Amino acid sequence: MRVPSSQSTSIAVHDLGGEGPALLICHATGLCGGAYRPLATALAPHHHVFAVDVRGHGESTPPADGDFAWSGMADDVAAAAAAIAAVAPGPLHAVGHSMGGAAVLLAERRSPGTFASAYLYEPIVPPGPAPDDLVGNPMAQGARFRQEVFPSKAEALWRYASRTPLAIMRADALAAYVEHGFEETEDGRARLRCRRESEALTFEAAGQVHAGMLGDLALRTTVAVGGTDPGMVADFAPALAAALPHATLEAHPTLGHFGPLQDPVAIAAAIAAHTSAAEV
């Protein structure tokens, strides 16, 4: 499905199949909904799975004004949820990874009841607002130096599989990312659908959603955190779980920030347990 969102964006929503209550996957910065196909396959016995490409990612268009504020990502999530409700009525559960987790919470804050529950893996939601003088986002700097064009998708897959950070992904998840995250150019090469500058601007917009905004959110939430990538992002999880009135903190000590793509079977089992409890 293609649905309109704010700032003249056209958003892609992918039906990844499965049976049961609808579930929407919201991806991390720089990725796309198609990268989560192995997770969707593992969830298929439990949920009818959809995935959204937020603005400037995957098959969705960038904002006309070049503003990648995360409020726009929440607009995209809300537009996807409305489109899913039209074809799969009933409760809609959300899975948010990294930036996608922040977008889920912001969409729910604006319109309570959008989601029946949320499973958030290392969402980028700091305890308080980012300082006004924050400069030099290292993730944005790294994004601007990414190789954007490869001779082929096969070459991109080989390169990613041979080095961090994407080499940690399970092989089929990495292959799904390359398949859906690249487009073929007129000369037959492969180019990232999420352009370097779009990814960098998305990283630079982090911090606009924080735990202090969410204390009255009634959403049943699991906040999951890995254990092999300690640092600021992982440190956000306990504070967010404590701030949300109906949240549980869940640890996955053998996984890192790419956990849903690193071990989709384990994360799917955790998601299914979460949604089953939320439906009781």
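The values are calculated or read from the model by the stated rules, or taken from the named source; none is laboratory data. This is a predicted model, so every value here is computed, not measured. We place every Cβ from the backbone using ideal geometry, glycine too, and count neighbours over all the protein chains shown.
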Report those helices (runs of 4 or more DSSP H) wholly inside region 178-280 carrying at least 2 residues which are aliphatic (A, V, I, L, M) and out of contact with any His (no Cβ under 9 Å at 6 or more places or on another chain). 196-204, 232-243, 264-279
Leading residue by the ranking (farthest from the chain's Cα centre (by Cα)) among those in region 20-29 that are within 14 Å of Ile84 (Cα to Cα) and part of a loop (DSSP other than H, G, I, E, B): Gly20
Scan region 226-280 residue by residue and report those that are charged (D, E, K, R) and over 16 Å from His97 (Cβ atoms). Asp235, Glu279
Do you know which of the residues in region 181-210 that are of a type in the set (Val, Ile, Thr) and touching a helix residue (DSSP H, G or I) at 6+ places or on another chain (Cβ under 7 Å) is nearest to Arg37 (Cα to Cα)? Thr202
Exception for Leu249 within (1) free of Cβ contacts under 8 Å to residues at least 60 places away in the same chain; (2) in contact with a Leu (Cβ under 7 Å, 6 or more places away or on another chain); (3) under 27 Å from Arg110 (Cα atoms) falls at (2)
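Going through region 191-210 one residue at a time, which ones are among the aliphatic types (A, V, I, L, M) and at pLDDT 95 or above? Full working, then the answer.
Kept after step one, since they are among the aliphatic types (A, V, I, L, M), are these residues of region 191-210: 192, 200-201, 205-206, 209.
Across region 191-210, the qualifying residues are Leu192, Ala200, Leu201.
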Matching residues in region 250-280 - criterion: being over 22 Å from Leu166 (Cβ atoms) and acidic (Asp, Glu): Glu250, Glu279
Would you mind finding the one in Val95, Val52, Val104, Val87 that is in contact (Cβ under 8 Å) with a residue 24 or more places away in the chain, over 22 Å from Val225 (Cβ atoms) and in contact with a strand residue (DSSP E or B) (Cβ under 6 Å, 6 or more places away or on another chain)? Val52
Matching residues, region 253-280, being free of Cβ contacts under 8 Å to residues at least 60 places away in the same chain and not polar (S, T, N, Q): Pro253, Leu255, Ala266, Ala273, Ala277, Val280
Look through region 209-258, keep the residues that are among the small types (Gly, Ala, Ser) and under 20 Å from Thr29 (Cβ atoms), and return whichever of them is surrounded by the fewest Cβ atoms within 10 Å (Cβ to Cβ). Gly231
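Rundown of residues vs (1) assigned to a strand (DSSP E or B); (2) of a type in the set (D, E, K, R); (3) modelled with pLDDT of 95 or more; (4) touching a Cys at 6+ places or on another chain (Cβ under 9 Å), yes/no style:
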{"site": "Ser8", "(1), (2), (3), (4)": "no, no, yes, no"}
{"site": "Leu31", "(1), (2), (3), (4)": "no, no, yes, yes"}
{"site": "Gly34", "(1), (2), (3), (4)": "no, no, yes, no"}
{"site": "His46", "(1), (2), (3), (4)": "no, no, yes, no"}
{"site": "Val49", "(1), (2), (3), (4)": "yes, no, yes, no"}
{"site": "His57", "(1), (2), (3), (4)": "no, no, yes, yes"}
{"site": "Thr61", "(1), (2), (3), (4)": "no, no, yes, no"}
Given the condition at pLDDT below 95, more than 18 Å from the chain's Cα centre (by Cα) and part of a helix (DSSP H, G or I), answer yes or no: does some residue in region 150-173 qualify? no
